[in-house]
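**Q** There's a structure below that I have some questions on.
The values are calculated or read from the model by the stated rules, or taken from the named source; none is laboratory data. Treat the numbers as computed from the prediction; the structure is a model and nothing was measured. All Cβ positions, even for glycine, are placed from backbone atoms using ideal geometry, and neighbour counts span all protein chains on display. Surface accessibility is based on the protein's heavy atoms, side chains included, excluding ligands, DNA and RNA. Shrake-Rupley method; radii C 1.70, N 1.55, O 1.52, S 1.80 Å.
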Amino acid sequence: MKQPFEPERLLHVARTFGTPTYVYSEAVVRRQIDRLRTHLAGLPLRLLYAMKANASPALLRLMRDEGLGIDAVSPGELEVALRTGFPPDRILFSANNMTDEEMHLAHGKGVLLNIGELSRLERYGRAYPGAEVCVRLNPQVGAGHHEHVITAGERSKFGIPVARLDEVRAVVARHGLRLVGLHQHIGSGILSAEVLWQAVRVLLDAARSFSGLRFLNFGGGLGIPYRPDEAPLDFDRFQQLIVDPLRAYLAEHPSKGMACWFEPGRFLVAEAGVLLMRVNTLKEANGRWFAGTDSGMSHLVRPAIYGAYHALFNLSNPAGPLRTYDVVGNICESADHFARDREVQEIREGDVLAVLDAGAYGMSMASHYNLRALPAEVFLPAGPEAPPVLLRRRRTPQEVAEAWLAETTAGTAP
Ligand SMILES: Cc1ncc(COP(=O)(O)O)c(C=O)c1O
């Protein structure tokens, strides 16, 4: 059974701050950054953190202090990254279906734009002739843990199809734009180095004829093993298939000193987060045991929308015998489950369960659905003696209602 990080400290967090609560481990984030840097050693590397995975300022500051940059995909993300102290030249702005307003905002902040539509590239060229730009290509190879997270290929809305490179060239030339980077991001939760290589190869072919490039950005997408039968990404294979050929390629490329950028989200933070929740209802119905909790799909929507698997661990009964449960939430939807037919250490009402690998696309996709409060968030600093830090307090039902009424016209409408 997969173990959470520091179970005793997690129980202490649940006792101190209550549930539902997301907890983020500094030690695990740093471990993942180190792992990636070790595996990519030998490349002229820049890592951007894809903050959509988890935009908690505590994690952003950690990434900043580790020297990472940011992949920002909305004006809100851009603003938060800047206010967290990322210098503009460490941010890439990759908004999808960018508006004129967003384009002017990012350019005005001195941030490099990553453009994935020919019409936007044309508008950017007209507005800022001679400016530097990065272009997002669709290498026509897509992959991911679920159809909904595949971001390249025939049916994808993202990027400019690689076959239309001549049109990119024409727009760039027409406006004297300086194409300094080529980008791709083919999907999320990828555990096969072979698939990643198929896409990398396309970008390398596309980049061959360009001089003046400062970087190639291979996107994020590196997966983590959520299920017990999943193997982690094989980084030896990654080295062999991707890192070694990349080094040879860079040595021959007409753009001298070109860097390799990666923009992982999930790989850096998924394993660093758990969602703590308390079981308040045990119920047998039609031969199934339901363990009902004080959290739900409004806090972690991945099982509902992707059928995603998250390991569960009973912190209150770690040595208990395994029994089979449907672990469900408190939201009025049948999709509201954390696991079905899952073996978990025997659950009693009042037990605290940890939902593992919940650091990426957990809180960042959470909502107020059913007008339930968002979970609290707690940061666990590295070192067993350091006290946990409350990052976000859980709102009371009264505060939820007040905020809701204040933010809408409902409070004053007739
Ligand atoms: C452009 C871009 N870069 C990076 C990422 C991060 O992906 P992951 O969390 O799988 O590493 C995403 C995720 O959707 C993305 O859209």
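**Q** What do you reckon, is Arg37 of a type in the set (Lys, Arg), open to solvent by less than 40 Å² (accessible area, probe 1.4 Å) and out of contact with any Gly (no Cβ under 9 Å at 6 or more places or on another chain)?
**A** No; evaluated as a whole, the condition is false for this residue.
**Q** Exactly one of (1) of a type in the set (A, V, I, L, M); (2) crowded, with 19+ Cβ neighbours inside 10 Å; (3) in contact with a strand residue (DSSP E or B) (Cβ under 6 Å, 6 or more places away or on another chain) is unmet by Val180. Its number?
**A** Condition not satisfied by Val180: (2).
**Q** Would you mind listing the strands (runs of 3 or more DSSP E) fully within segment 19-124 where at least 1 residues are more than 30 Å from Val352 (Cα to Cα), touching an Asp or Glu at 6+ places or on another chain (Cβ under 7 Å) and within 16 Å of the ligand (Cβ to nearest atom)?
**A** 45-50, 69-72, 91-93, 112-115
**Q** Let me ask you something else. Quick check: is even one residue across segment 224-234 assigned by TED's automatic domain parsing to the domain that holds Gly257, of a type in the set (Phe, Trp, Tyr) and at pLDDT below 95?
**A** No, segment 224-234 has no match at all.
**Q** A further question follows. Determine whether segment 189-197 contains at least one residue that is in a helix (DSSP H, G or I) and under 18 Å from Ala50 (Cβ atoms).
**A** Yes, because at least one residue in segment 189-197 is in a helix (DSSP H, G or I) and under 18 Å from Ala50 (Cβ atoms).
**Q** Could you grab me the full set of residues in segment 294-350 that are open to solvent by 20 Å² or more (accessible area, probe 1.4 Å), closer than 25 Å to Asp229 by Cα and of a type in the set (Asp, Glu)?
**A** Across segment 294-350, the qualifying residues are Asp341, Glu343, Glu346.
**Q** Which one of these is among the basic types (Lys, Arg) and in contact with a Phe, Trp or Tyr (Cβ under 9 Å, 6 or more places away or on another chain): Arg90, Arg37, Arg46, Arg61?
**A** Checking each option against the conditions leaves just Arg46.
**Q** What residue, among those in segment 351-392 that are hydroxyl-bearing (Ser, Thr, Tyr) and within 16 Å of the ligand (Cβ to nearest atom), is least open to solvent (accessible area, probe 1.4 Å)?
**A** Ranking the candidates gives Tyr361 first.
**Q** Just one of the numbered conditions (1) touching a helix residue (DSSP H, G or I) at 6+ places or on another chain (Cβ under 6 Å); (2) of a type in the set (A, V, I, L, M, F, W, C); (3) part of a loop (DSSP other than H, G, I, E, B) is not true of Phe238; which one?
**A** Checking Phe238 against (1) touching a helix residue (DSSP H, G or I) at 6+ places or on another chain (Cβ under 6 Å); (2) of a type in the set (A, V, I, L, M, F, W, C); (3) part of a loop (DSSP other than H, G, I, E, B), the one that fails is (3).
**Q** Also, quick follow-up: Within the bounds of segment 225-232, is there any residue that is in contact with a Phe, Trp or Tyr (Cβ under 9 Å, 6 or more places away or on another chain), within 16 Å of the ligand (Cβ to nearest atom), in contact (Cβ under 8 Å) with a residue 24 or more places away in the chain and open to solvent by less than 10 Å² (accessible area, probe 1.4 Å)?
**A** Checking segment 225-232: not a single residue is in contact with a Phe, Trp or Tyr (Cβ under 9 Å, 6 or more places away or on another chain), within 16 Å of the ligand (Cβ to nearest atom), in contact (Cβ under 8 Å) with a residue 24 or more places away in the chain and open to solvent by less than 10 Å² (accessible area, probe 1.4 Å).
**Q** If you don't mind, another one. Based on what the data block shows, is Pro397 in contact with a Phe, Trp or Tyr (Cβ under 6 Å, 6 or more places away or on another chain) and at pLDDT 95 or above?
**A** For Pro397, the condition - in contact with a Phe, Trp or Tyr (Cβ under 6 Å, 6 or more places away or on another chain) and at pLDDT 95 or above - is not met.
**Q** Which one of the conditions (1) open to solvent by less than 40 Å² (accessible area, probe 1.4 Å); (2) free of Cβ contacts under 8 Å to residues at least 40 places away in the same chain; (3) within 12 Å of the ligand (Cβ to nearest atom) does Ile150 fail to meet, given that it meets all the rest?
**A** That leaves (1) as the condition not met.
Conditions (1) in contact with a Cys (Cβ under 9 Å, 6 or more places away or on another chain); (2) in contact (Cβ under 8 Å) with a residue 24 or more places away in the chain; (3) at negative phi; (4) not hydrophobic (A, V, I, L, M, F, W, C), marked per residue:
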site: His12; (1), (2), (3), (4): no, yes, yes, yes
site: Pro20; (1), (2), (3), (4): no, yes, yes, yes
site: Ile33; (1), (2), (3), (4): no, yes, yes, no
site: Leu40; (1), (2), (3), (4): yes, yes, yes, no
site: Arg46; (1), (2), (3), (4): yes, yes, yes, yes
site: Ala55; (1), (2), (3), (4): no, yes, yes, no
site: Glu66; (1), (2), (3), (4): no, yes, yes, yes
site: Pro75; (1), (2), (3), (4): no, yes, yes, yes
site: Leu78; (1), (2), (3), (4): no, yes, yes, no
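**Q** Exactly one of these conditions fails for Ala131: (1) within 29 Å of Phe267 (Cα to Cα); (2) in contact with a strand residue (DSSP E or B) (Cβ under 8 Å, 6 or more places away or on another chain). Give me its number.
**A** (1)
**Q** Here's another thing I want to ask about it. Would you mind finding the one in Arg237, Arg278, Arg214, Arg266 that is more than 16 Å from the ligand (Cβ to nearest atom), within 30 Å of Val327 (Cα to Cα) and either open to solvent by less than 10 Å² (accessible area, probe 1.4 Å) or not hydrophobic (A, V, I, L, M, F, W, C) (or both)?
**A** Arg278
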